[in-house]
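Novice: The structure follows.
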Amino acid sequence: MAERDEQSGAAPGALPRRAIALLRRLARRLRPRSVRARATLGASAVVALALGVASFGLLGLLENNLTRNAQADAERQAVLTAGLAAEGRLDTVLTPDRGIDFLQVVDAHGRVLAASPNLRGRPALSAARPSEPGTVRGTWNGRPVREEHRQRVVQVTVATGSGLVTVYAGTSLREADAADEFIRASLIFAVPLLVLTVALVTWRVTGWALRPVEAIRAEVAEISDRDLHRRVPVPGSQDEIARLAATMNTTLDRLEASVIRQRQFIADASHELRSPITVLRTQLEVAQAHPDPDLWGELVNGALEDTVRLQDLASDLLLLARLDTAQTPPSAAVDLTEVVREVARARKGDRVAVDTEIAPGVTVRGSALWLARIVTNLLDNAQRHADRSVLLALRVDEAHGTAVLEVRDDGPGIPPADRERVFERFTRLDDARSRDQGGSGLGLAIARDIATHLGGSLTVQDSERGAHLVARLPLDAT
């Protein structure tokens, strides 16, 4: 068994792990969660770090400058005194220049040869005896000369007729010490005050800047599927938040339009499904109420027609639902020429003949089933309204890199005001409202949706007579 702690009974190492886990939980709880708090904390930390670095830099620069000036004065006095000692013109009592705190001259045996008045009768300041001429610079803490402040001391050793002589010249660093104390005392109060000011200003500014975001959030939180007409407020600042609000309103516009379209689609689909179901039910009720074998053939044929119509309508609705899911469209290389020929070949013997002008070798990317559906729906629409002829043409537009599929008929045509409305779902123009002739009103809508999903377009073009529909699809670049 693992050894246990005598007091807690915990296994060795368990307490440190618990402490670390506790600290992590505490750090997660203390971590600011709002953008405003994080911005304030970040700005305060940056300012505090910058002020700390600047303070240390300022103190170091001031210290070096004052120390360098004091050292220059001491070195100049020490060199001058050493020169006098070398020439044998040294007095026992030395008069320091202005700014010099003390002077002392010591021989190689430690005897004091000369000193400034404040060091008279004092032994040598240092027990070290240089063995060769040279200059040593250093800072003393003031004890050797009984000073409260630090001393910058320059020690110059020269050779004389009686041996080596060392000159000690020192200047007080009281100005540097006083400046350091003053700056430290000032920074102790100034830095926290400045950091606090920055934190307060950042908190207020970020709060003011984020107020429109909170208004946008509150408005979006209240918008439900029942009031998609509402829009978020757009601030007049013309900044990123204003652009965000404008984008949000544009998204709400699209969402509202999509919901309206979906609701209208459901209503129209329900209406379209209700009519054949009602007729089918009526036929079945008649067949049940009048079990006359002579009437069953007509009733069964009518019921079969309505069933086929229901099946076609259900297939169209299913295809539209798949197109509305915005799934990735198929992108296989398809021989559009062969697809168009197959659809046209199946139209032989129809009430209205289909003439063809099909260019060879036209290849696009997509699905053969989808492309055949475009051609079929366009031909269904044209044959439904044509008098005697329908033209199906396929060509290549090299300038735009598209395959152009055209369907013309010699019917009444489409008025300019209705050239976009014919692509709306369940739309029937006035001359095509008969359900025996007009279809479900989904054919052109499905054809345009497929063309759009494949990166193309479907439009109504000007024509001298009849309708002229043109579908453009990108050519296969491979």
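Read-outs: derived from the displayed coordinates by stated rules, not from any lab. Everything numeric in this text was worked out from a predicted model, so none of it was measured. Neighbour counts are summed over all protein chains in view; Cβ atoms, including those assigned to glycine, are modelled from backbone coordinates with ideal geometry.
Novice: Residues with beta-carbon under 12 Å from that of Leu310, excluding Leu310: net charge, scoring Lys, Arg +1 and Asp, Glu -1? Write out the running numbers ahead of the final one.
Specialist: Details: positive: Arg274, Arg281, Arg309; negative: Glu272, Glu305, Asp306, Asp312, Asp316.
Residues close to Leu310 contribute a combined charge of -2.
Novice: Still on this structure: For the range 31-222, what's the radius of gyration and Dmax over Cα atoms, in angstrom?
Specialist: 28.5, 102
Novice: Positive end of the dipole of the chain, charges at C-beta (+1 Lys, Arg; -1 Asp, Glu), about the Cα centre: which of Ala48, Val422, Leu369 has its Cα farthest in that direction?
Specialist: Ala48
Novice: Gap in Å between the Cα centre of the range 262-322 and the Cα centre of the range 58-89?
Specialist: 114
Novice: While we're here: What list do you get for Ser270, Ser275, Ser116 if you sort them by fewest beta carbons within 10 Å?
Specialist: Ser270, Ser275, Ser116
Novice: Can I ask one more? Where does each of Trp208, Trp370, Trp296, Trp140 land when they are ranked from fewest to most other beta-carbon atoms within 10 angstrom? Write out the running numbers ahead of the final one.
Specialist: On the way: Trp208 9, Trp370 21, Trp296 13, Trp140 17.
In order of increasing Cβ crowding within 10 Å: Trp208, Trp296, Trp140, Trp370.
Novice: For the range 70-177, what is Rg from Cα atoms divided by 2.2 N^0.38 Å, rounded to two decimals?
Specialist: On the way: Rg = 12.6 Å, N = 108, 2.2 N^0.38 = 13.0 Å.
In units of the globular-protein estimate, the range 70-177 measures up at 0.96.
Novice: What order, most packed first, do the peptides 127-137, 59-69, 309-319 have when packing is the mean number of other Cβ atoms within 10 Å of each residue? Don't skip to the end; give the middle numbers.
Specialist: Numbers: 127-137: 12.2, 59-69: 13.7, 309-319: 15.5.
Descending packing order for the listed peptides: 309-319, 59-69, 127-137.
Novice: Taking the beta-carbon count within 10 Å as an exposure proxy, list Ile414, Ile20 from fewest neighbours to most. Can you show the working numbers first?
Specialist: Numbers: Ile414 23, Ile20 10.
By the 10 Å Cβ count, ascending: Ile20, Ile414.
Novice: Divide, for the range 328-414, the radius of gyration over alpha carbons by 2.2 N^0.38 Å, where N is the residue count.
Specialist: Working: Rg = 13.2 Å, N = 87, 2.2 N^0.38 = 12.0 Å.
Working it through for the range 328-414, the quotient is 1.10.
Novice: Report Rg (one decimal) and Dmax (nearest whole number) for the range 109-246, counting Cα atoms only, units Å.
Specialist: Cα only, the range 109-246: 35.7, 111 Å (Rg, Dmax).
Novice: Ok, one more. Report the label-to-label distance for Val259 and Ser457 in nanometres (one decimal), using points 7 Å from each Cα along the Cα→Cβ vector.
Specialist: Output for this residue pair reads 3.2 nm.
Novice: Between Thr251 and Leu369, what FRET efficiency follows from the Cβ-Cβ distance if R0 is 25 Å, with the result rounded to 0.05? Present the calculation step by step, with values, prior to reporting the outcome.
Specialist: Numbers: r = 33 Å, r/R0 = 1.32.
Efficiency computed from Cβ-Cβ geometry: 0.15.
Novice: How big is the Kirkwood radius of the range 336-478, worked out from every pair of different alpha carbons and given in Å to one decimal?
Specialist: Working: mean 1/r = 0.0659 Å⁻¹.
Hydrodynamic radius (Kirkwood, Cα pairs) of the range 336-478 is 15.2 Å.
Novice: Counting residues in the range 240-319 as N, plug N into 2.2 N^0.38 Å and put the Cα Rg over that result. The partial results should precede the final answer.
Specialist: On the way: Rg = 22.3 Å, N = 80, 2.2 N^0.38 = 11.6 Å.
Cα-based Rg divided by the globular estimate yields 1.92.
Novice: Something else: With all distinct Cα pairs included, what does the Kirkwood hydrodynamic radius of the chain come out to in Å, to one decimal, could you say? Mind dumping the intermediate values first?
Specialist: Working: mean 1/r = 0.0295 Å⁻¹.
After inverting the pairwise mean of 1/r, the radius is 33.9 Å.
Novice: At 20 °C and 1.002 mPa s, grab the translational diffusion coefficient of the range 294-353 from Stokes-Einstein with a Kirkwood Rh over Cα pairs, rounded to a whole number in µm² per second.
Specialist: Working: Rh = 15.4 Å.
Answer from the Stokes-Einstein relation: 139 µm²/s.
Novice: Related question: What is the distance in Å between the Cα centres of the range 333-361 and the range 192-247?
Specialist: Their Cα centres are 59 Å away from one another.
Novice: List the residues, sorted by chain then number, that are 5 or more residues from Leu94 or on another chain and whose placed amide H is less than 5 Å from its amide H.
Specialist: Ala115, Ser116
Novice: Next question. Ranked highest first by average number of other Cβ atoms within 10 Å, how do 41-49, 186-194 line up? Show your work: numbers first, answer last.
Specialist: Numbers: 41-49: 14.9, 186-194: 12.8.
My ranking of the peptides, most packed first, is 41-49, 186-194.
Novice: For the range 327-429, give the share of DSSP beta bridges that are antiparallel, in percent and rounded to the nearest 5; count only bridges with both residues there. Write down the numbers at each step before the final one.
Specialist: Working: 12 of 18 bridges.
Approximately 65 percent, going by the DSSP bridge assignments.
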